[in-house]
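Report on one structure; see the data block that follows.
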């Protein structure tokens, strides 16, 4: 990270407020001085708005790169392996990648609540939170805020938790070019418990089985359920993060992240549908 990028992240939250304040002040002073609104003002406004938007998107890109590449405390992987002794070093590395995917979802959700969906990621997140100074410093750089830890969730009765899971699911799918409404496979974050055979893990499959139910049941939770209106909350737009189709025919994304296409590309390291059984976890 360059010095300018570091400074940009520290100032990112003030970019649009500073833009608005500067133009309000400029208009007040201009009108008081007898200046008239003209083409030069319009051009200056447009150019400054474009520059502010470009800086904000740059800050988003720097934060995402920081989440993917920055070093996390080794204590997170040690805690995971202490909790689940059957895991090896490569397993812990894979779980760390899943945790990073969760933080990507938190970044793209613009400060809205995001729920962690698996025990492996939850154990590492909780260990990170316990190192309060390191966690706060890392999150301010990565996210611009410091999210509080909450235990792993599954879809249940409370809309708040359901929508937090929907945001996490949506952005994890985007990270791996998976259609969140019709998933053909699971993103890493939702597959990790089954892949690592976590005891009492939250085990997902992309969709419910269409044929005879296998014995034992391969999964207790399904990715397709996040678009199911039978659960409380905003299933229609995944907690308010899905792009909207405007009258002009363009896609508009409420959180500023866009440009997605659904397919079977795998830039983030995907996992096939996973097997196993689970008792589920605190989504009530």
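Can you work out which of the residues in region 70-97 that are in contact with a helix residue (DSSP H, G or I) (Cβ under 9 Å, 6 or more places away or on another chain) and closer than 14 Å to residue 141 by Cα is surrounded by the most Cβ atoms within 10 Å (Cβ to Cβ)? In this case the residue turns out to be 72. The one condition from (1) within 16 Å of the chain's Cα centre (by Cα); (2) in contact (Cβ under 8 Å) with a residue 12 or more places away in the chain; (3) outside the structural domain of residue 159 (by TED's automatic domain parsing) that residue 61 does not meet is (2).
Here residue 103 meets the list (1) without any contact (Cβ under 8 Å) to a residue 60 or more places away in the chain; (2) in a helix (DSSP H, G or I); (3) more than 10 Å from the chain's Cα centre (by Cα) almost entirely, failing just condition (3).
Yes or no, residue by residue, for (1) under 14 Å from residue 105 (Cα atoms); (2) part of a loop (DSSP other than H, G, I, E, B); (3) touching a residue at least 24 places away in the same chain (Cβ under 8 Å):
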residue	(1), (2), (3)
137	no, no, no
145	yes, yes, yes
154	no, yes, yes
169	yes, no, yes
177	yes, yes, yes
182	no, yes, yes
189	yes, no, yes
199	no, yes, yes
210	no, yes, no
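Kindly indicate which of 166, 181, 185 is over 22 Å from residue 76 (Cβ atoms), within 13 Å of the chain's Cα centre (by Cα) and assigned by TED's automatic domain parsing to the domain that holds residue 209. Just one listed residue meets the conditions, 166. When the criteria are applied in full, residue 279 meets the requirement of being under 23 Å from residue 156 (Cβ atoms) and modelled with pLDDT under 50.
The values are calculated or read from the model by the stated rules, or taken from the named source; none is laboratory data. As the structure is a prediction and not an experimental result, all values here were calculated from the model. Cβ sites come from the backbone with ideal geometry, for glycine too, and all protein chains shown count toward neighbours.
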